[in-house]
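Enquirer: Pasting a structure here, questions to come.
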């Protein structure tokens, strides 16, 4: 019954959609005795049987719950059944943050087994040597960001260097992403550690300056580096001005799913305190991303479970990106999220001023 893998991924989109739809029809038929007529769904297939919406998430299932809930609501279903070959336990945990009834099913051959929720992931510790090496970021005016045990330096949300361990030694290697770091490493050779000054530190300062230049004003729309990681850029601006979300302090925090690359522009998160001393979790997103709601709720779940807090959840996005469907998804959470909108041109002005 499996239809994932490289062979299916390589199929033309219409052929792949038919295959995924046929898989959902067969699974639902075996489970309920009713064979539906599925329709195309971004990254999968969907159907309604009686009052239940069935959605098969085939492509990156862990990030598909928001779209699945939105589809169920749009088709006026009373409940949602999500089917996935992988990441079912993560989906089940995220489903638990909704008051809209969602059941997640794991595919096992030709059968469906209800998935149990995965526990929230543990924080990955960072060693003292890595933190000390990151001191060079502070010296240069680069933001230190720690996510999933990785220490990196960012300029306006874009990674410009990373702390790596070489032969037991924590080193800072400059570069925007892995390929750029590898290129700098080949050019710099033994002098590639920016913590030791010299050519590597000069390279790091140059990369940081270049990123600041291309992420400034109209350059932000003209250069590829200006268009990358904008959710993280928005987070950097909000962290610098917590009052925008009614906060007193904010610091970057990892999502519950690791990024796939430096160009991955999924939601970026921060946690901190409100002006009244309460806890707040912030999700920053650019573009219309329906999965920002379950992703943000998942981060709040993880943060609150670790700190025994009850956090307010705020989603920050441009005015044009706040769609009615996103509001409706936020209202379906057990603890609904609020929104703060910024002007559509926030990235040009590099200021997250409130929208009008």
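Here, each number is a calculation from the coordinates, and none is a lab measurement. For clarity, every value in this text was computed on a predicted model and none was experimentally measured. Please note: Cβ atoms are built from the backbone with ideal geometry, for glycine as well, and neighbour counts cover all protein chains shown.
Enquirer: Considering only the stretch 6-114, what is the antiparallel percent among its DSSP beta bridges, to the nearest 5?
Expert: 55 percent
Enquirer: If a/c stays under 1.5 just call it rounded; otherwise compare a/b with b/c (prolate if a/b is bigger, oblate if not). Do that for the chain, with a ≥ b ≥ c from the square roots of the Cα gyration tensor eigenvalues.
Expert: Prolate.
Enquirer: Under 10 Å, Cα contacts only: if you run a Gaussian network model on the chain, which one of 328, 222, 162 comes out with the highest mean-square fluctuation?
Expert: 222
Enquirer: At q = 0.14 Å⁻¹, what log₁₀ I(q)/I(0) does the stretch 42-167 have when each alpha carbon counts as one equal point scatterer in the Debye sum?
Expert: Reported log10 I(q)/I(0), two decimals: -0.71.
Enquirer: Okay, moving on. What FRET efficiency would be calculated for the residue pair residue 261, residue 132, taking the C-beta separation as r and a Förster radius of 41 Å, to the nearest 0.05?
Expert: That gives a FRET efficiency of 0.95.
Enquirer: Could you tell me which of rounded, prolate or oblate describes the stretch 72-123, using a ≥ b ≥ c as the square roots of the eigenvalues of the alpha-carbon gyration tensor, with rounded for a/c under 1.5 and, failing that, prolate when a/b is larger than b/c and oblate otherwise?
Expert: It comes out oblate by the Cα gyration axes.
Enquirer: Given springs between every Cα pair under 10 Å in a Gaussian network model of the chain, which of 12, 252, 267 has the largest fluctuation?
Expert: 12
Enquirer: Given the -39500 (n - 2.57) contribution per DSSP H run of 4+ residues, what per-residue ellipticity at 222 nm results for the chain, rounded to the nearest 500 deg cm²/dmol?
Expert: For the chain, the value works out to -10500 deg cm²/dmol.
Enquirer: Just the projected area, averaged over all directions, of the convex hull on the alpha carbon atoms of the stretch 128-224: how many nm²?
Expert: The orientation-averaged projected area of the Cα hull of the stretch 128-224 comes to 6.1 nm².
Enquirer: Please report the relative contact order for the chain, taking Cα pairs under 8 Å with a sequence separation of at least 6, and give it as a percent rounded to a whole number.
Expert: Worked out over the chain, it gives 11 percent.
Enquirer: Follow-up. In a GNM of the chain with a 10 Å cut-off on Cα contacts, which of 82, 145, 334 has the highest mean-square fluctuation?
Expert: Looking only at 82, 145, 334, the largest GNM fluctuation is found for 334.
Enquirer: With contacts defined as alpha carbon pairs under 8 Å and 6 or more residues apart, what's the relative contact order of the stretch 248-356 in percent?
Expert: 20 percent
Enquirer: Once you have a ≥ b ≥ c as the square roots of the Cα gyration tensor eigenvalues for the stretch 6-114, tell me rounded if a/c is under 1.5, and otherwise prolate or oblate according to whether a/b is larger than b/c.
Expert: Details: a/c = 1.42, a/b = 1.26, b/c = 1.13.
Rounded shape, in that the Cα axes give a/c under 1.5.
Enquirer: Quick one: length gained pulling residue 323 to residue 218 fully straight, 0.36 nm per residue minus the C-alpha distance?
Expert: 35.2 nm
Enquirer: In percent, what relative contact order does the stretch 128-224 have, based on Cα pairs under 8 Å that are 6 or more apart in sequence?
Expert: Normalised by residue count, the contact order of the stretch 128-224 is 20 percent.
Enquirer: Also: Pull up the DSSP beta bridges for the chain and report the antiparallel fraction as a percent, rounded to 5. Intermediate values should be presented prior to the final figure.
Expert: Working: 42 of 63 bridges.
If we restrict to bridges inside the chain, about 65 percent are antiparallel.
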